[in-house]
1. Relative to the present Cα-Cα distance, how much length would full extension add between Met82 and Thr62 at 0.36 nm per residue of separation?
2. Once Rh for the chain is found with the Kirkwood sum over Cα pairs, what is the Stokes-Einstein diffusion coefficient at 25 °C and 0.890 mPa s, in µm²/s?
3. Taking Rh as the Kirkwood radius computed over C-alpha pairs, what is the Stokes-Einstein D of the range 47-89 at 10 °C in a medium of viscosity 1.306 mPa s, expressed in µm² per second?
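Only the coordinates and a few stated rules stand behind these numbers; no lab work does. Since the structure is predicted, the reported quantities are computational estimates derived from the model, not experimental observations.
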Amino acid sequence: MELLLIFALSAFLGLELISKVPSQLHTPLMSGANAVSGITLVGAVIVAGNTSNGATATALGTVAVALATINVVGGYLVTDRMLGMFRKK
């Protein structure tokens, strides 16, 4: 029950913080979020590669690697596209 409360509070806090960010700061914040996602990817690789955890942990680690990779690549593509809007043509 405590974890559900922590999740709900963090979701509410995240929504409030994101809605208050001015548009000029979105690209730098996305780059920072991509760096955090990269750290998540490293952790997922460690979990997936550790064979002593069992088959379930390895499977979940593999899924985490796939999802974190999609998040990192997608974040950098969106950031690159946003930065492209400010380039002179």
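1. Values: separation 20, 0.36 × 20 = 7.20 nm, distance 3.02 nm.
Length difference between fully extended and current span is 4.2 nm.
2. Working: Rh = 15.3 Å.
Answer, rounded: 160 µm²/s.
3. Working: Rh = 12.3 Å.
The calculation lands on 129 µm²/s.
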